[in-house]
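See below for the structure under consideration.
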Amino acid sequence: MVEVIVTWLAALATLGIYSILYKENPIYRFFEHLFIGLGLGWTIFEVWKDVLQPKWWTPMVVEGKWYWIFAFVLGSLYYFIFSPRFAWMARLVISTFMGLSAGLVFKVTAAIYIPQIEASFRPITFHPSIARGINNLLSTIILLCVILYFLFTISHEKQPLAGASKLGRWFIMLGLGAMFGSTVMARLSLFIDRLTFLLHDWLKVIKF
Amino acid sequence: MKIFHPVKDPTLLTVYIVASLVGSFLVLALMHKFLSLRAKGRFITALTFLAGFFYSLEFFLPAKNGKNFLTPWVEPVGDALAVIGAFAFPLGLVSLAIVHWGNIKRKREGWYFSLVLFIATIAMALSAFLSYYAHLSIAKKIYSCLFDGLYIPLGVAMMSTLAFYIVSAAYRAFRVTNVDAILMMGAAIIVMLGQIPFGMWLTSWLPMQGIVSSLRIENVSNWFMTVVNMSVQRAIGFGLAVGGIAMALRVWFSLERGMQMGGK
Amino acid sequence: MEWLIQLRQIKRQWIYLSLAVLVALPLFFKIRLPFFVGPQAKGVYEAVKNLPEDKVVLLAMDWGAATKGESMWQAQAVIEHLFKEKKPFVILGYDIQGPQLSEELAEKLAKKYGRNYGEDWFNVGFITGGLPFLQRIAKNFQAAFKQDSVKRKPLSSLPLARKVRDIHDIGLIIDITGSQSYGDWLTIQGNFKVPLAIACTAVITPDLYPFLDSKQLIGMLSGLKGAAEYEALIKGSHRKTTLKMMMSQSMAHLLIIILIVLANIGLYIERRRRSG
Amino acid sequence: MEHATTGVAILELSITGAILFSIFWARGGKEFFLRRIAAFSVIDEAIGRAVEMGRPILFCTGLSGLGVTFFQALAILSYVVRRAAEYGVRVIVPLFASEVYPLTEEVCKEAYRAAGKLEEYNPSDVFFLSNDQFAYASGVVGIMHRERTATHFFLGDFAAESLILAEEGHSVGAMQIAGTPATLQLPFFVAACDYTLIGEEYYAASAYISREPIIVGSIKGQDLGKIILLFLSLSGVIGVTLGGKMAIIFQNLFR
C-alpha cells in the first residue's frame, strides 16, 4: 500500500516541478516550498544524528569530556551577531574560522593541482606513435597559450603576447564547447529515467 | 593534556560543565568591559592571523612517519569546527523562519506557501526523529512517504529539468555571431555527434585504420576531449591554484576591505 | 519568409514540448535511426565469442546504484551474451551493490537461456583489499574465497568454481565500472597478460583512449551507447531496452543540432535582409 | 597527500613568496597595469540597471561553504551591497551553507555602514535557504520569479544546478554576471549568462573592483606564480622528452 502512495507522490512531485518549464505558477510554488521544508526537516534530523550527538553530546555527557562545553560557548557567540554592542563576540568565532579555512588552501591546492602539474609533463617523442607525439606537442602549446591568456598585469597589445593570448582564448572556447557537448548525454539520461518512471512505473503504458 | 582528562562521576561532571560555562562568559564580560574597541579589533585580526597557521604549518612541517606535533590536533579541531558550525545551523534556520513568519504575519501575497514550508519542516523532522529513535511504525510509514515519496523524487525531478535547459541554452548560445561562439558551437556539435550511434554512422564510410580514420566523428570527438579539453582544463587549473593561494593570503593577512572583522 | 526569421526566437516552451515528445516516441514505437556499432564494442563482443573452451570470463562489477543508469544496462547486455554463447563466468566486485545487482540480472536471464548457478556462472560477491587482493586471486583463486556469495557454500562444492584455480583459467576480464577501479585491472592485465575489456560510464571514456591505442584493452563499452551497441550485436535479444533509450538520446541530440541550424538560418536571413 | 613533500613545499612556498613580495612591492608605492576584463567593467552598469527598473538584485553564492572561493564571492558582495545601498536597491542573498550565514550577515551590515545607510539595512535580505543542492536551486528560481530580480550575480562554487539558475534567470529577463572556479560549469555560464569570469579571472575580482594598490599587488603575484608553473611545466616537458635521468627527476619531482 505504501508503495502505491510513494509512486503517486513521486509522480505528482515530478509533474509539479516540471510545471516551471511552462511558467512560474502556484503548483510549482507549492512543491518548491514543500521541497525546502522537507530539506530543512531532514537537515535538523541529520545535524543532530550525524554531528551534534556523536561529536558533541555523547563525548561531553556520556564520556565525561567536559571541555566540549567550550564548543557550545563558541557556537553560541554566533547569536550575538544581531546586537550592535556584542557583535564583536560573534566576530571572534567568524575570524577564527576564516583564518583556519584560509590556512587549508595549501593542502587542498596540493591535492587537486599537483597531479595536474605532473600530468602536464608529456614527452614529445614521435617514436612509438606519431599521433601521440603530435598530440603531446599540441597539448603543451595549448597549455602555454591558455596560461598566457590569464596574465592580468601584462598588456596583451604587444605582439608575441597578443597572438598567444588570442589563441589561448580560442582554445578555451573549443574546450568549453567540448565540455558542453560531452555533458548533454548525461543530462538527457536524467530526463529519460524520469520519463520511463512516469510511463512505466506510474501510468504503466510502456513495457520493458 | 593532564587537565583535559574526562570526568566519569556525573555530579562532578555537571560542576565542571557549569563552572566552565560561567567562567567563559565571565571572561567574555570582562573583555567586553575593559578592552577598548580598537583593542578588540586588533585581537580579532590577530585571531585570524594565528588561526591561519594551524592547517598550513601542519601541512608544511616535516612529518616523521606521517605525523608532526600538529597532526594529532587535526581531527579534534576538525570535529570542533563541525560542531561549532552545526551550532550556526539553528541561526540559519531562524533567519529563514523570520522571512517566512513575516510573510504569514503580514498576510503577504502567497503567505500560505510559507505555512506549507513550516508544516513540511516539522513533519519531516518529527517523523525522522520518531522513526529513528523511537522506532514507531506509524512514524516509519509517514517518513517513507515524505522521504521516498516526496523529498528524493523532488530532487531527482529538479535535476532532470537540466535536460530541458541544456537544449534551450544550446539553441540560444550557439549562434554564428563571433569567433568565440562559432568555436564553442563547432566543438559542442562534434562531441555531441560523437556520442550517438547515428553520429558514428555519418562517418562510418571512412576507413577504420590509417591517417584518414582520424577524421571519423568518434575519433575527432575524442581528440577534442583528450587533447583540447584536457589541456584547457589543466591550464585553467594552474591559474585557479595560484588564484586560490592569493585569495587565502589576502584573507589570512586581513587585506580584503569588506571582510576585515577586526575593522581597519 | 517572415516565419524563417522567427526561427531565431522559438519560444522555449515549444522547444521543451518538442524535446519531451521526441524523447517519448522511441519508448512507444519501434524507431530505428541508422545505427553504427563502433570497433570498441565489437572488440568486447568478439572477445566473448572467441573465448577458448576451457577458459572462464571474470566479470568485475565495480558499480553501484549511483551509476545504475549506465552500468546496469552494460552488465545486462554482457551477461545475456555470455548465457547465449554458453560461456562460463564468475562475478565479483569492489562495490557492495555491483555483484548483488548483477546477480539479480543473471538469475532473471538464466531462466530465459536455461542456465544454472554453479555450472554456468557463480558469484563471489563484494571483495575488499584492492590490488593486493587481486594479486592473491590471480595466484590462488580457491584459497582467496571461503565460500560463494549466493549459496554460501565452499567453492569446491560448485562444479564451475572448482575449475577456476588461478588467473590462467581466466580467458577474459570485463570490468564494468563507474570509478577509477579500472587502474587495478590494468595492472593485473599488465602482470598476467589476460585480455581485458572495460565497460565504463561515459564521463570516464576519454581517460581510457590511451589504453585502447596501446592495446592494453581489447575493447570498451562507453556509457549507455556502449550498452546499446553491444545489445544490437546480440542477435535475437528481443527486449532491446537500451536501444530504445539510445534512440531517445539520439532524437534529443539531433533536436539540439537541428535547432542550432534553424536559429542560424533565421539569423542569416535577417542579417541579409537588414544589409540587403 | 597528507603532508607536503619537499617538491610541493618549495613550489607552494615560492608561489606564496611571489605573492607576498608583490604585495610589499605594491605597498611600497609600485603601480601595476591591469588588463581590461569585460565582466568587471559592467558591474556598475548591472547595478545601475536594477536601480532604473526599481527591482532588487539577486546575489547567489551557489554551494560555497567556508573557504577561499566563498571569501572571493564575499569581497564582491561587499562592493555590490555598498553600491546598491547608495541607490537604495535591495540585494537578496539566499545561502546554501548555514555556517557562512553569520559571516555574510556581518559583511552586508558593514557594507551598509560604509555607505552611510546603516539604518536602512534589512537583515532579512540575507538568509539561509537550504543546504540541499536542488532544493536550493528551486528556491532561488522561485525568488527570481516572485521578486522579479533585475540583475543576477552567480559567484562562488557551483555544480550541476548552475544551468538551472542561469536559464531560469535568463527567462526572467535579468542581466546575469557569473564567475566560478568550478571549470565544469563554465560552459553553461558562458552559454546562458551575459558575462562570465573564466577560471582565475574569478580570483582577480577583488583587485579589479577595489583597485586597492595592495590587492592589485597580489594579482601581480598571481601572474608571477603562473609564470613559475608555466616554466616548471615546460621544463618538465623538455626533461621527459629527453628521457633518461632527466625524465626520472621530473617524474619524481613531487614524490
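Figures for the structure shown
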{"item": "Within segment B:37-136, helices (runs of 4 or more DSSP H) holding 2 or more residues that are away from chain A (no Cβ under 11 Å) and under 27 Å from D:Ala97 (Cα atoms)", "result": "B:71-105"}
{"item": "Residue list for segment B:88-119, restricted to those being modelled with pLDDT under 95 and in contact with a Leu (Cβ under 8 Å, 6 or more places away or on another chain)", "result": "B:Gly92, B:Leu93, B:Leu96, B:His100, B:Ile104"}
{"item": "Members of segment B:47-62 that are of a type in the set (Gly, Ala, Ser) and touching a residue at least 24 places away in the same chain (Cβ under 8 Å)", "result": "B:Gly52"}
{"item": "Segment B:4-36, subset surrounded by fewer than 11 Cβ atoms within 10 Å (Cβ to Cβ) and either touching a residue at least 60 places away in the same chain (Cβ under 8 Å) or more than 36 Å from the chain's Cα centre (by Cα) (or both), residue farthest from A:Val62 (Cα to Cα)", "result": "B:Ser36"}
{"item": "Condition broken by B:Ser254, with the remaining ones in (1) within 24 Å of the chain's Cα centre (by Cα); (2) facing another protein chain (nearest Cβ under 7 Å); (3) not in a helix (DSSP H, G or I) satisfied", "result": "(2)"}
{"item": "Among the candidates B:Pro72, B:Pro62, B:Pro90, residue that is surrounded by fewer than 21 Cβ atoms within 10 Å (Cβ to Cβ) and closer than 25 Å to A:Tyr79 by Cβ", "result": "B:Pro90"}
{"item": "Pairs, first within 30 Å of B:Asn65 (Cα to Cα) in segment D:5-31, second outside any helix (DSSP H, G or I) and among the charged types (D, E, K, R), C-beta under 8 Å, six or more apart", "result": "D:Thr5/D:Arg255; D:Gly7/D:Arg255"}
{"item": "Answer residue from segment B:168-196, given it is surrounded by fewer than 24 Cβ atoms within 10 Å (Cβ to Cβ) and not aliphatic (A, V, I, L, M) and is farthest from the other protein chains (Cβ to nearest Cβ) among those", "result": "B:Asn178"}
{"item": "Failed condition for B:Met158, given (1) surrounded by fewer than 18 Cβ atoms within 10 Å (Cβ to Cβ); (2) within 7 Å of another protein chain (Cβ to nearest Cβ)", "result": "(1)"}
{"item": "Test: B:Leu193 is touching a Ser or Thr at 6+ places or on another chain (Cβ under 8 Å), within 19 Å of C:Ala263 (Cα to Cα) and without any contact (Cβ under 8 Å) to a residue 60 or more places away in the chain", "result": "yes"}
{"item": "Residue check for B:Phe25: under 18 Å from A:Tyr79 (Cβ atoms) and part of a helix (DSSP H, G or I)", "result": "yes"}
{"item": "2 or more residues charged (D, E, K, R) and over 20 Å from the mean Cα position of the chain (by Cα): qualifying helices (runs of 4 or more DSSP H) within segment D:1-99", "result": "D:6-27, D:43-53"}
{"item": "Subset of segment D:192-250 (residues that are touching a helix residue (DSSP H, G or I) at 6+ places or on another chain (Cβ under 9 Å), assigned to a helix (DSSP H, G or I) and among the aromatic types (Phe, Trp, Tyr))", "result": "D:Tyr202, D:Tyr203, D:Tyr208, D:Phe250"}
{"item": "Single unsatisfied condition, D:Thr196 versus (1) touching a residue at least 12 places away in the same chain (Cβ under 8 Å); (2) more than 7 Å from every other protein chain (Cβ to nearest Cβ); (3) over 26 Å from D:Ile143 (Cα atoms)", "result": "(3)"}
{"item": "Selection count where residues are over 27 Å from C:Lys86 (Cβ atoms) and among the aromatic types (Phe, Trp, Tyr), scope segment C:222-276", "result": "1"}
{"item": "Considering residues of segment C:65-87 that are among the basic types (Lys, Arg) and part of a helix (DSSP H, G or I) only, the residue farthest from C:Pro99 (Cα to Cα)", "result": "C:Lys84"}
{"item": "For A:Asn135: the one exception among (1) under 25 Å from D:Ala205 (Cβ atoms); (2) within 10 Å of chain B (Cβ to nearest Cβ)", "result": "(1)"}
{"item": "Filter pass, A:Trp66 being closer than 20 Å to B:Val94 by Cα and within 7 Å of chain B (Cβ to nearest Cβ)", "result": "no"}
{"item": "Residue check, C:Gly93 more than 20 Å from A:Phe208 (Cβ to Cβ), within 19 Å of the chain's Cα centre (by Cα) and assigned by TED's automatic domain parsing to the domain that holds C:Glu231", "result": "yes"}
{"item": "Residue within segment B:54-65 that is at pLDDT below 95, out of contact with any Cys (no Cβ under 8 Å at 6 or more places or on another chain) and at positive phi present", "result": "yes"}
{"item": "Residue match in segment C:17-32 (condition: without any contact (Cβ under 8 Å) to a residue 24 or more places away in the chain and aromatic (Phe, Trp, Tyr))", "result": "yes"}
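Rundown of residues vs (1) surrounded by fewer than 17 Cβ atoms within 10 Å (Cβ to Cβ); (2) in a helix (DSSP H, G or I), yes/no style:
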site	(1), (2)
A:Gly99	no, yes
A:Val108	no, yes
A:Glu118	no, yes
A:Pro123	no, no
A:Ile134	yes, yes
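The values are calculated or read from the model by the stated rules, or taken from the named source; none is laboratory data. Because the structure is predicted, anything quoted here is derived from the model rather than measured. Note that each Cβ is placed from the backbone with ideal geometry, even for glycine, and that neighbours are counted across all protein chains shown.
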